[in-house]
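*Asks:* This is the structure I have questions about; it appears just below.
The values are calculated or read from the model by the stated rules, or taken from the named source; none is laboratory data. All values derive from a computational prediction rather than experimental measurement. Here Cβ is always computed from backbone atoms with ideal geometry, including for glycine, and neighbour counts include all displayed protein chains.
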Amino acid sequence: MQNSQLQQLLSTDERSAISKAVVGKKPHPVLHLLDGEEEECRQIAVNTDRALKHVMLRDKAWIDKLKPRLVQTADLAEPASALSEIRSYGALLEAGIQVSPVKVGQKPTPEFSVQIGSANAQVEVHAKQFDHMTDQQIEDHHQALAEELQEKLNVAPPGQTVMAVRMTEVFPFGEPDAEKPGDTTTTNAISRLCSIKAREHQFEEGTPSILWLDFQDPHSWNMSLTADQLRPVHSWHGMLTSGALWYAFFGWKGAPVFDRFHRSLNPRAIVEMAHPGRFRLSKMLSAVVISLPTETVLVESPRPIVRLADDFRCQFIHLPWAKVEHWTAEWEPDLVRRTIDLESRMLLAIAGNGAACAPEWS
């Protein structure tokens with residue numbers, strides 16, 4: 001993106017260092033956004049620039065303090081994390097919410113304290129990326145492709161166009177283990193999503209807690225997720241697949257999980273969820289915000305210790321790319337619990353176990 005806020009923020013030397021920074025075959029995340037060559041990264045670049053503009057107008061000192069993390073080249077997870085914090089800070093400001101970065105102390109802290117009138121909350125930001133095995137798989141694929149291309153170049157007549165094409169299957173949340181019972185692409189995604197920031201030691205008790213999940217890393221993009229994954233089940237060509245995000249937050253141990261399941265197949269092919277969802281494990285989290293390139297979704301807990309104030313719920317409608325139709329929110333008392341209980345009964349009925357019930361929310 002020419003003359004972008006991000007480009008203006010960096011010096012010529014910093015941009016040069018970033019362009020040369022490669023860990024394995026993985027370029028610097030800032031380089032992805034500066035180049036803007038890959039179509040899937042263009043929207044992320046626009047979102048990042050839009051957020052950066054809001055933050056620069058409001059809190060340039062915070063940007064100056066963040067910048068060393070943004071331009072460092074040793075561990076590329078650090079600039080990816082810094083970019084996610086810029087996007088979340090800018091989005092909250094654009095929604096008209098008062099945002100204060102939390103001063104880092106001796107103990108872990110969330111990224112931001114947010115306030116509307118007398119209501120406040122704390123926000124922890126996480127930039128989800130591919131795990132090591134997936135990154136290694138992608139690197140191996142690129143290496144094999146480069147070697148095949150070189151072999152063809154070595155024997156091709158001068159001036160002849162040479163092309164090499166290879167296909168590989170990528171599992172954003174890890175490849176399922178065929179030897180492990182119940183291990184599927186969907187159950188892997190559910191498990192990894194459920195465990196993000198599971199310790200929750202950053203949060204202060206007594207204050208509403210929001211986990212902001214940023215799925216806009218320019219390398220892993222959206223981890224193959226869409227807001228549809230917040231529905232309990234979706235169908236395509238007669239096949240049923242469970243919504244990984246729904247199960248990650250609201251599922252229960254023993255819940256039926258569908259992975260491209262067709263009703264004509266043996267019902268025993270349905271696997272069971274091996275652990276409770278995040279909101280069944282934790283009362284600390286009040287809500288989760290899922291930030292995708294063109295979708296921002298709010299998901300509230302049915303039973304938090306401290307509930308998100310109504311003012312936040314209404315103000316979040318003004319977040320960039322807010323998709324209210326996909327939200328699970330407490331628009332009236334006990335609405336989230338009642339909604340999830342109805343959806344759980346639907347899942348059990350589809351699985352042929354309509355007489356069973358999901359566990360009560362304790």
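*Asks:* With the checklist (1) under 23 Å from THR294 (Cβ atoms); (2) at pLDDT below 90; (3) crowded, with 19+ Cβ neighbours inside 10 Å in hand, flag the one item ALA45 doesn't pass.
*Replies:* If we test ALA45 against (1) under 23 Å from THR294 (Cβ atoms); (2) at pLDDT below 90; (3) crowded, with 19+ Cβ neighbours inside 10 Å, just (2) comes out false.
*Asks:* Let me ask something else. Only residues that are in a helix (DSSP H, G or I) and β-branched (Val, Ile, Thr): list them for region 314-343, please.
*Replies:* Hits for region 314-343 are ILE317, VAL324, VAL336, THR339, ILE340.
*Asks:* Please work out if ARG192 is over 15 Å from SER84 (Cα atoms), buried (at least 17 other Cβ atoms within 10 Å of the Cβ) and at pLDDT below 95.
*Replies:* In short, yes.
*Asks:* Continuing with the same structure: Of all residues being touching a Phe, Trp or Tyr at 6+ places or on another chain (Cβ under 7 Å) and in the same structural domain as ARG307 (by TED's automatic domain parsing) in region 334-362, which is farthest from GLY251 (Cα to Cα)? Just the residue, please.
*Replies:* Only one residue tops the list, namely ARG337.
*Asks:* While we're on this one: Hey, can you tell me all the residues within region 259-277 that are at pLDDT 90 or above, in a loop (DSSP other than H, G, I, E, B) and of a type outside the set (A, V, I, L, M)?
*Replies:* Correct list: HIS275, PRO276, GLY277.
*Asks:* Further question: Taking SER301 and the conditions (1) touching a residue at least 60 places away in the same chain (Cβ under 8 Å); (2) in contact with a Phe, Trp or Tyr (Cβ under 6 Å, 6 or more places away or on another chain); (3) among the polar types (S, T, N, Q), which numbered condition does it fall short on, given that it satisfies the others?
*Replies:* Result: SER301 passes all but (1).
*Asks:* Cβ-Cβ below 6 Å, separation at least six or inter-chain, first residue in region 314-330 and aromatic (Phe, Trp, Tyr), second in a loop (DSSP other than H, G, I, E, B): which pairs?
*Replies:* From residues that are aromatic (Phe, Trp, Tyr), the pairs are TRP321/THR294.
*Asks:* Conditions: (1) among the charged types (D, E, K, R); (2) under 23 Å from ASP183 (Cβ atoms); (3) assigned to a loop (DSSP other than H, G, I, E, B). ARG280 meets all but one. Number of the miss?
*Replies:* It is condition (3) that ARG280 fails.
*Asks:* When you scan region 80-119, how many residues do you find that are among the acidic types (Asp, Glu) and surrounded by 22 or more Cβ atoms within 10 Å (Cβ to Cβ)?
*Replies:* Total meeting the criteria: 1.
*Asks:* I need the full set of residues from region 76-98 which are modelled with pLDDT under 95 and aliphatic (A, V, I, L, M), in order please.
*Replies:* Matches in region 76-98: LEU76, ALA77, ALA80.
*Asks:* When you scan region 21-40, do you find a residue that is among the basic types (Lys, Arg), touching a helix residue (DSSP H, G or I) at 6+ places or on another chain (Cβ under 6 Å) and crowded, with 20+ Cβ neighbours inside 10 Å, even just one?
*Replies:* Checked against the condition, which is being among the basic types (Lys, Arg), touching a helix residue (DSSP H, G or I) at 6+ places or on another chain (Cβ under 6 Å) and crowded, with 20+ Cβ neighbours inside 10 Å, region 21-40 yields no hits at all.
*Asks:* Out of curiosity, is SER235 in a strand (DSSP E or B) and modelled with pLDDT under 95?
*Replies:* yes
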